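Worksheet: the structure to be examined is printed underneath.
The values are calculated or read from the model by the stated rules, or taken from the named source; none is laboratory data. Every value quoted in this text rests on a predicted model; they were computed, and no experiment measured them. Neighbour counts are summed over all protein chains in view; Cβ atoms, including those assigned to glycine, are modelled from backbone coordinates with ideal geometry.
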Amino acid sequence: MPALVQSKNAEGFEVVRTEGCRVFAADGRSAIDFQSGWCVGNLGWSRPEIERALRDFDGPAYVYPGHRYAPWEELAQALVEIVPPGLRRAFRATGGSEAVEIALQAAMLHTGRARFVTIEGCYHGNTLGPHSIGDNETRHLFPRLGLPAPRTIRPPLDEARLAQVETALKPRDVAAVILEPVICNLGALVPEPAFMRGIQDLCRRYGALLILDEVATGFGRTGRMFAAEHSGVQPDMLTIAKAITAGFAPMGATLTSSAIAESMLKVGAYSTYGWHPRSTAAALANLAWWRDNGEALLAHVGAMNRLFVTRVGTLGLGPVQGEGLALGVATGDEAQAERIKARCLKEGLIVAAEGDVVSLFPPLVIDEATAEEGLAILQRCAA
């Protein structure tokens, strides 16, 4: 039995190299990556500009969280300039789960409340705070979590569902509503813009905060820099991670209003490895790339979205849903989705399967020829 503990369904694919839109295995196989590490490698793997910035890094090996570090301040300022309006402060984190933990604590401290409203079937991380408010298949394994069980909203997430949201908020004991603006683990489910705007209005009315979890959807995944832009919603907090460093180093962040940040400072802002100097260098290089190339890339994502939706729509599996290059197709059969995933890997394509949905999260920089090559594999494996 190996010493390393991994998920029970860890793939038999030993990775030795990544480059562009492909992953290479120890046995000589390679695969086109339509998963991007679950929305980590938005710029493809081994982006040379970021690789060069890390190779040339000449900073400290580590910075104690109680000290100042100029690149931290530079990165925080760069982030508040690109996120939705009103988010003026940035908290350091090591990844998505910690970013969500920070948001939950901040919501409780700012409102004095302890309950959360989430989407049925949602996933927000694998530490105890996110488990407490998540509604996935593992929550029942933790029956005595510290937070009250969340009130959940069942899809479809349309304007008619706002009455259920209002019922959940009326007791005025809810600290925050938290959701992904495109829900990746539910097959890239897209809430209607009217639902998103309605939630924002209801949160304001009943004194709850709105947290948008953009750990997976941020940095262009849905065809906008952040998925909140599709509906124009202005959250009270935003959590980001994954593609923030283009896959070169672990990092997360929680963006808040100034008032919420002041409430959070009651317990401090300590994260031992949050924004490690090398992670910070990678994130700054990533943001520099986006400043120079972002407009063109987002236009490319729109074109690739049309290609993927058209081609996947011909497979006869089910309707395609999602935004940009966060896409899902429901097969109606969980076993079939898993079979397609396994066949694709054997044939040289990496896709994700969640429940009965095959999810597609290719790198945003994918070219048409590589996309067509991968889609041809998907077509053969779905037949």
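Residue by residue, here is whether (1) crowded, with 22+ Cβ neighbours inside 10 Å; (2) in contact with a His (Cβ under 6 Å, 6 or more places away or on another chain); (3) modelled with pLDDT of 95 or more holds:
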{"position": "63", "(1), (2), (3)": "no, no, yes"}
{"position": "68", "(1), (2), (3)": "no, no, yes"}
{"position": "78", "(1), (2), (3)": "no, no, yes"}
{"position": "90", "(1), (2), (3)": "yes, no, yes"}
{"position": "94", "(1), (2), (3)": "no, no, yes"}
{"position": "98", "(1), (2), (3)": "yes, no, yes"}
{"position": "105", "(1), (2), (3)": "no, no, yes"}
{"position": "113", "(1), (2), (3)": "no, no, yes"}
{"position": "128", "(1), (2), (3)": "no, no, no"}
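Residues checked against (1) in a strand (DSSP E or B); (2) touching a Gly at 6+ places or on another chain (Cβ under 8 Å); (3) not small (Gly, Ala, Ser):
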residue	(1), (2), (3)
225	no, yes, yes
232	no, no, no
239	yes, yes, yes
243	no, yes, no
247	no, yes, no
254	yes, no, yes
259	no, no, no
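When region 349-383 is filtered for residues that are surrounded by 23 or more Cβ atoms within 10 Å (Cβ to Cβ), part of a loop (DSSP other than H, G, I, E, B) and out of contact with any Cys (no Cβ under 8 Å at 6 or more places or on another chain), only 364 remains.
Residue count for region 1-25 satisfying the condition of being assigned to a loop (DSSP other than H, G, I, E, B), modelled with pLDDT of 95 or more and more than 27 Å from residue 214 (Cα to Cα): 0. Exactly one residue out of 365, 351, 320 is within 21 Å of residue 247 (Cβ to Cβ), touching a Phe, Trp or Tyr at 6+ places or on another chain (Cβ under 8 Å) and not hydroxyl-bearing (Ser, Thr, Tyr): that is 351.
Residues are listed down the side, and each one gets a yes or a no for (1) in contact with an Asp or Glu (Cβ under 7 Å, 6 or more places away or on another chain); (2) in contact (Cβ under 8 Å) with a residue 40 or more places away in the chain; (3) surrounded by fewer than 10 Cβ atoms within 10 Å (Cβ to Cβ):
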{"position": "3", "(1), (2), (3)": "no, no, yes"}
{"position": "12", "(1), (2), (3)": "no, no, yes"}
{"position": "29", "(1), (2), (3)": "no, yes, no"}
{"position": "46", "(1), (2), (3)": "yes, no, no"}
{"position": "56", "(1), (2), (3)": "no, no, yes"}
{"position": "60", "(1), (2), (3)": "no, yes, no"}
{"position": "71", "(1), (2), (3)": "no, yes, no"}
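Residues in region 140-159 that are surrounded by 19 or more Cβ atoms within 10 Å (Cβ to Cβ) and part of a loop (DSSP other than H, G, I, E, B) were compared, and the one that is modelled with the lowest pLDDT is 150. Among the criteria (1) in contact with a Lys or Arg (Cβ under 9 Å, 6 or more places away or on another chain); (2) buried (at least 24 other Cβ atoms within 10 Å of the Cβ), the one residue 222 does not fulfil is (1).
Taken across region 306-316, residues that are in contact with a Leu (Cβ under 9 Å, 6 or more places away or on another chain), within 24 Å of residue 19 (Cα to Cα) and loosely packed, with under 14 Cβ neighbours inside 10 Å do not occur at all. Exactly one residue out of 72, 45 is farther than 30 Å from residue 200 by Cα, within 20 Å of the chain's Cα centre (by Cα) and at pLDDT 95 or above, and it is 45. Looking across region 68-101 at every residue that is hydrophobic (A, V, I, L, M, F, W, C) and touching a helix residue (DSSP H, G or I) at 6+ places or on another chain (Cβ under 7 Å), the one that is farthest from residue 214 (Cα to Cα) is identified as 72.
Quick check on my filter: what residues within region 261-276 are hydroxyl-bearing (Ser, Thr, Tyr), out of contact with any strand residue (DSSP E or B) (no Cβ under 8 Å at 6 or more places or on another chain) and part of a loop (DSSP other than H, G, I, E, B)? Answer for region 261-276, where residues must be hydroxyl-bearing (Ser, Thr, Tyr), out of contact with any strand residue (DSSP E or B) (no Cβ under 8 Å at 6 or more places or on another chain) and part of a loop (DSSP other than H, G, I, E, B): 270, 272, 273. Scanning region 192-223 for residues that are in a loop (DSSP other than H, G, I, E, B) and either hydroxyl-bearing (Ser, Thr, Tyr) or under 20 Å from residue 102 (Cβ atoms) (or both) yields 208, 214, 215, 216, 217, 218, 219, 222. Candidates 192, 137: the one that is modelled with pLDDT under 95 and of a type in the set (D, E, K, R) is 137.
Residue pairs whose Cβ atoms lie under 6 Å apart, separated by 6 or more positions or on different chains, with the first residue in region 80-99 and in the same structural domain as residue 235 (by TED's automatic domain parsing) and over 10 Å from residue 256 (Cα atoms) and the second surrounded by fewer than 21 Cβ atoms within 10 Å (Cβ to Cβ) and of a type in the set (Phe, Trp, Tyr), are 94/273.
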